[in-house]
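Inspection log for the structure reproduced underneath, given as structure tokens.
The values are calculated or read from the model by the stated rules, or taken from the named source; none is laboratory data. Everything numeric in this text was worked out from a predicted model, so none of it was measured. When we count neighbours, we look across all protein chains shown, and the Cβ atoms used for this are built from the backbone with ideal geometry, even at glycine. All accessible areas refer to the heavy atoms of the entire protein, side chains included, with ligands and DNA or RNA removed. Shrake-Rupley method; radii C 1.70, N 1.55, O 1.52, S 1.80 Å.
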Amino acid sequence: MPIPALAWVLAASLWFSAPADVDLAPSHFARATVSGRVTDADTGEALTGAQVFISGQTTSVLSGDAGEYTFILPGDGWDGREVEVRAELTGYQGIVRTVRLSGATTRVDLVMTPGADLTMVEAALRAQYGTPAPPPPAGRPQVEAVDRIDGARRVSVAARAPVSASGGIGRRPRPDFNTESYAHIEESGFLGVEDNPLSTFAIDVDRASYSNMRRFITRAMRPPVDAIRIEELVNYFTYDDPAPRGAHPFSITTEVGTAPWQHAHRLVRIGIRGRDIASEDLPASNLVFLVDVSGSMQPPDKLPLLKSSLRLLVAQMRPEDRVAIVVYSGQAGLALPPTSGKDRGEILFAIDRLEAGGSTAGGAGLRLAYEVARENFSEDANNRVILASDGDFNVGPSSDSEMIRLIEKERESGVLLSVLGFGTGNLKDSKMEQLANHGNGSYAYIDSEREAAKVLVSEFAGTLFTIAKDVKVQVEFNPGVVRAYRLIGYENRALRPEDFADDRKDAGELGAGHTVTALYEIVPVGVEGADVPEVPPLRYRDPANVTGRAASGELGFVQLRYKRPEDSGSVLVQQAFLDRGGDGSRDVRFAASVAAFGMLLRGSEHVGDFSLGAVLELARGSLGDDDEGYRREFVSLVREARAQRLLER
């Protein structure tokens with residue numbers, strides 16, 4: 001995107017607090033400014049993505065690449081007033097500074113100490129569910145989180161928890177209920193190349209599993225095994241793949257390195273990078289926000305965070321874009337008719353009025369949202385329903401099969417579905433992922449305003465604009481070089497070999513600027529030890545009768561099929577790849593560290609005796625430029641998981 005994510009977030013903060021009858025020009029808000037820099041207490045380095053709050057305000061801003069932040073306070077009368085400035089960042093203890101404002105601009109630098117702290121949302125959840133933290137052991141320090149969001153105001157909440165010797169928080173109490181659901185995943189094992197030369201799967205651009213995993217780790221809880229979809233963990237990060245050239249809207253990169261958990265094995269990374277589209281060149285959008293306002297959405301990490309997320313998206317809308325809001329609770333209703341992006345005040349006012357209460361008629365809401373989208377359908381526009389919910393559909397005609405049939409029908413008409421998941425305790429991850437898959441859209445889990453900015457600001461084009469649909473990958477391995485292989489992750493995206501050339505078979509969508517990575521663990525010919533299923537000899541096949549290309553040294557052959565958004569027939573792309581030796585590039589090694597972390601969380605038999613310490617060392621040594629700080633955040637999560645001994649629970 002040509003405008004940096006921080007600029008959008010700051011712009012969004014300017015829009016948030018404006019009354020509906022006020023001209024939304026920046027000059028109305030330039031009365032008092034708090035700015036400063038957020039840094040690491042140990043290293044002095046700038047911290048990117050820290051969330052900065054000011055007491056009494058319902059919005060926040062994020063620190064930029066140099067750690068700088070700017071918070072503009074609406075109205076006047078600030079000179080001489082005392083406020084609390086607070087910063088939060090995953091992997092760091094929260095910090096609160098009380099300052100007296102002076103003049104038009106007050107400088108407040110914030111120095112954060114590594115070690116997890118209670119987040120604002122967690123403090124609010126404790127207050128709501130009445131689950132006080134246990135007293136800290138004797139001699140241990142304490143940390144305290146103050147302030148929680150309650151509608152449009154902040155209420156002071158004291159919440160204490162034990163701190164581990166490493167500086168992280170001890171295990172926190174959970175709410176008394178937990179009805180979260182995840183689809184069962186059976187991890188793929190090794191397949192012999194002679195009997196299974198082809199591996200076929202649909203691409204997956206979702207990242208929801210990573211942010212959901214982060215939610216568990218930062219609360220000192222081990223995620224459920226089936227909440228970990230390793231391909232989504234790996235795909236949360238971008239890699240240094242070349243921009244596409246030529247006729248195809250993406251590039252394909254293949255590289256090989258050492259499998260760090262089994263040095264006799266090789267690791268193949270296949271990277272796909274979609275073409276970027278400048279915001280001014282994006283087609284117009286016809287969006288319908290389908291917002292869950294049922295009673296289950298009341299906690300601060302649900303509807304309040306959802307509303308903040310939608311504001312970020314609205315801040316980017318252009319006059320040619322249109323948005324409508326459909327809400328559902330006990331019944332479905334239209335909260336905002338289709339409205340031009342130039343009328344941001346009207347859209348934001350409708351978002352601000354959303355309140356939670358009642359049961360959940362998800363099926364009725366979905367039907368109404370599609371009806372509104374169809375009434376405003378444009379052939380040249382991005383026509384999409386964006387479902388924002390915890391996924392807890394529990395009233396009315398809302399069976400999974402019925403909704404999937406509806407979504408598939410609308411998909412064929414050109415109205416796609418994307419899903420944003422929120423909340424803790426009753427998240428229906430399995431249902432939401434399934435709905436997005438059938439709607440040819442993406443599924444994201446929003447655990448913070450920073451994640452909302454990532455999904456709806458910096459990755460805006462990829463989230464909402466499809467450049468290739470029904471994207472399938474098929475890899476043929478050379479039996480002269482490869483004894484066995486296994487695809488790491490993608491278990492629920494596996495296809496039959498014959499599905500690859502069948503254009504009727506639905507597959508994954510690639511958005512503008514999206515990146516997709518797939519990892520294969522390879523057992524070279526001559527390497528024993530891997531548990532490869534034996535297939536009895538067949539009468540009518542001679543495994544030794546292979547083509548002369550088996551002696552070419554090629555490791556394998558990648559084929560990719562995709563359809564252009566306006567076409568029904570697929571295009572084929574092919575290329576071979578070699579193993580040139582070595583441990584692999586920085587990207588291969590970092591992707592391997594993320595995959596290994598996922599395997600450890602899943603209790604995979606394939607990771608062997610590889611430890612969290614080894615993951616940490618591998619990730620630290622392959623951070624690269626990491627301009628946005630996401631790789632450093634991953635290191636912090638691994639450090640926290642090790643400090644809390646989460647794998648022992």
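Taking amide H as placed 1.01 Å from N in the peptide plane, the amide H of A335 sits under 5 Å from that of I325, V326, V327, each at least 5 places away or on another chain. Computed extension length for T113-R564: 157.5 nm, one decimal, from 0.36 nm per residue of separation with the Cα-Cα distance subtracted.
For region 289-335, a/c is not less than 1.5, where a ≥ b ≥ c are the root eigenvalues of the C-alpha gyration tensor, and a/b does not top b/c. That puts it in the oblate class.
Once the C-beta distance of E534 and H184 is scaled by a Förster radius of 22 Å, the resulting FRET efficiency is 0.25 to the nearest 0.05.
For region 611-628, backbone phi angles converted through the Karplus equation (6.51, -1.76, 1.60; θ = phi - 60°) give residue-by-residue couplings of 10, 4, x, 5, 4, 4, 5, 5, 5, 4, x, 9, 5, x, 5, 6, 4, 8 Hz, Gly and Pro being listed as x. Roughly speaking, what is the centre-to-centre gap between region 213-290 and region 34-73 when only Cα atoms are used, to the nearest Å? When both Cα centres are located, 27 Å separates them. Checking every one of the trypsin sites (Lys or Arg not before Pro) in region 207-272 against DSSP loop status and a limit of 16 other Cβ atoms within 10 Å picks out R245. Spacing of the modelled spin labels on L578 and S35, each 7 Å from Cα toward Cβ, amounts to 5.3 nm.
Counting only protein heavy atoms and a 1.4 Å probe, region 594-647 has 39 square angstrom of accessible area per residue.
The residues of region 284-323 present an accessible area of 19 Å² per residue when probed at 1.4 Å with all protein chains retained.
Sequence-ordered 3J(HN,Hα) estimates for region 463-468 from the Karplus curve with 6.51, -1.76 and 1.60 and θ = phi - 60° stand at 5, 10, 10, 7, 10, 8 Hz, glycine and proline given as x. For region 580-594, backbone phi angles converted through the Karplus equation (6.51, -1.76, 1.60; θ = phi - 60°) give residue-by-residue couplings of 9, x, x, 7, x, 6, 4, 5, 4, 5, 5, 4, 5, 5, 5 Hz, Gly and Pro being listed as x. Between L647 and S102, full extension at 0.36 nm per residue minus the direct alpha carbon distance yields a gain of 191.3 nm. Evaluated with a Cβ-only charge set (Lys, Arg +1; Asp, Glu -1), region 218-261 carries a dipole of roughly 180 debye about its Cα centre, given to the nearest 20.
When both bridge partners sit in region 388-542, DSSP labels roughly 65% of those beta bridges antiparallel. When a/c reaches 1.5 or more, the comparison of a/b and b/c decides; with that in mind, is region 217-343 rounded, prolate or oblate per its Cα gyration tensor? Oblate shape, in that a/c is at least 1.5 and b/c is the bigger or equal ratio. Among the chymotrypsin sites (Phe, Trp or Tyr not before Pro) within region 174-271, those in coil by DSSP and having at most 13 neighbouring Cβ atoms inside 10 Å are F177. Full extension of the segment from S378 to E84, taken as 0.36 nm per residue of separation minus the current Cα-Cα distance, would add 101.1 nm. Computed from the C-beta positions of D625 and R405 and an R0 of 35 Å, the FRET efficiency is 0.15 to the nearest 0.05.
In the structure shown, the pairs K342/K469; K409/K431; K454/K563 are assessed against 21 Å; a Cα-Cα span above that value is assigned to K342/K469; K454/K563. When you filter the trypsin sites (Lys or Arg not before Pro) in region 319-383 for DSSP loop state and at most 11 other Cβ atoms inside 10 Å of their Cβ, nothing is left.
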